[in-house]
Amino acid sequence: MQLFCFPQEYFSLKKLLPQTFLLSFEAKNKSGKTVMLSWSTSAENTLSHFVVQRSIDENNFDDEAIIFTEQNIKVPKRKYKFPDKVEAVMSTILFYRLKMVGLDGEINYSAVKKIRLKKR
């Protein structure tokens, strides 16, 4: 039998990851000119903002937008949308993720979403 010891802070509610509150994250190609990103969250009281990131190789991500949360609004579910204009992008495959920044500066990432664009 293995025994693991964790510091008390490990179980503190203050240490909940921002990603815990990400309910959904989707990316959809809209006519090859725009990729519509949408996501929903709950209990954003420990989350400062989102950074929408895009990559052409799934390794090197660039920041496309910063979207701040409204921590003081108490709603059970909040929805976000961001239209990313991709007309000038030369790649036919794009990767997206959300960088989630907590009020304490902690950073977490969503799952990566892959989008195929029509050949140019």
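Select from the range 17-33 the residues that are among the polar types (S, T, N, Q) and surrounded by 15 or more Cβ atoms within 10 Å (Cβ to Cβ) and write down the one among them that is farthest from Lys113 (Cα to Cα). Among those residues, the one meeting the criterion is Gln19.
Identify, please: which residue in the range 51-71 is touching a residue at least 12 places away in the same chain (Cβ under 8 Å) and part of a loop (DSSP other than H, G, I, E, B) and is, among those, surrounded by the most Cβ atoms within 10 Å (Cβ to Cβ)? Per the stated criteria, the residue is Thr69. When we screen Ser91, Ser38 for residues that are surrounded by 11 or more Cβ atoms within 10 Å (Cβ to Cβ), assigned to a loop (DSSP other than H, G, I, E, B) and at pLDDT 80 or above, the only hit is Ser91.
Taking the conditions exactly as written (loosely packed, with under 14 Cβ neighbours inside 10 Å, modelled with pLDDT under 95 and basic (Lys, Arg)), does Lys74 satisfy them or not? Criteria met by Lys74.
The values are calculated or read from the model by the stated rules, or taken from the named source; none is laboratory data. Given the structure is predicted, the values throughout are model-derived calculations rather than measurements. In this analysis, Cβ positions are derived from the backbone assuming ideal geometry, glycine residues included, and neighbour counts consider all displayed protein chains.
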